[in-house]
Amino acid sequence: MVSRLWHLTLTPTWPMSHSICCFRCGASLSAMSLPIARQDLCPECGVELHVCKMCIHFDANVARQCREDDAEDVTQKELANFCEWFEPSETAFESGRKSEADLALEELEAMFAGLGKDEDQAL
């Protein structure tokens, strides 16, 4: 209990404005109040926001992908969790990840673009 109280006293006080963006789509979350609640969703893409990939402690290059040693292990890094160490990161969004997803979607659309036209001509 003492360690948890220690964490509460060191939790940062968030400024009125922030530049936090959704980790998935990059949409600004500046209209949202902090701290981010477990149920909060991105207003643009609807993804859950209280997730490991939105946290300042998330690091894909370390064990358990978390730099906080006292945090419980969370296996689903993109699903909402109850981690008490969660602090939203202003650098969670990686524009390269969005570009890769957009590119893949464009390739899928191009792959299936001609299917509907052949059926329309046959009717």
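The values are calculated or read from the model by the stated rules, or taken from the named source; none is laboratory data. These numbers were taken from a predicted model, which means no experiment stands behind them. Positions of Cβ are backbone-derived with ideal geometry, glycine not excepted, and every protein chain shown enters the neighbour counts.
Evaluation of Phe93 against the conditions (1) touching a Phe, Trp or Tyr at 6+ places or on another chain (Cβ under 8 Å); (2) modelled with pLDDT of 95 or more shows that the sole unmet condition is (2).
If you go through the range 52-66 and keep only what is part of a loop (DSSP other than H, G, I, E, B), surrounded by 10 or more Cβ atoms within 10 Å (Cβ to Cβ) and within 17 Å of the chain's Cα centre (by Cα), you end up with Ile56, His57, Asp59. Met32 meets each of the listed conditions (1) under 12 Å from Pro88 (Cβ atoms); (2) in contact (Cβ under 8 Å) with a residue 24 or more places away in the chain; (3) in a loop (DSSP other than H, G, I, E, B) apart from (2). In the list Trp85, Trp14, which residue meets the criterion of being surrounded by 13 or more Cβ atoms within 10 Å (Cβ to Cβ), modelled with pLDDT under 90 and among the aromatic types (Phe, Trp, Tyr)? Going through Trp85, Trp14 in turn, the sole match is Trp14.
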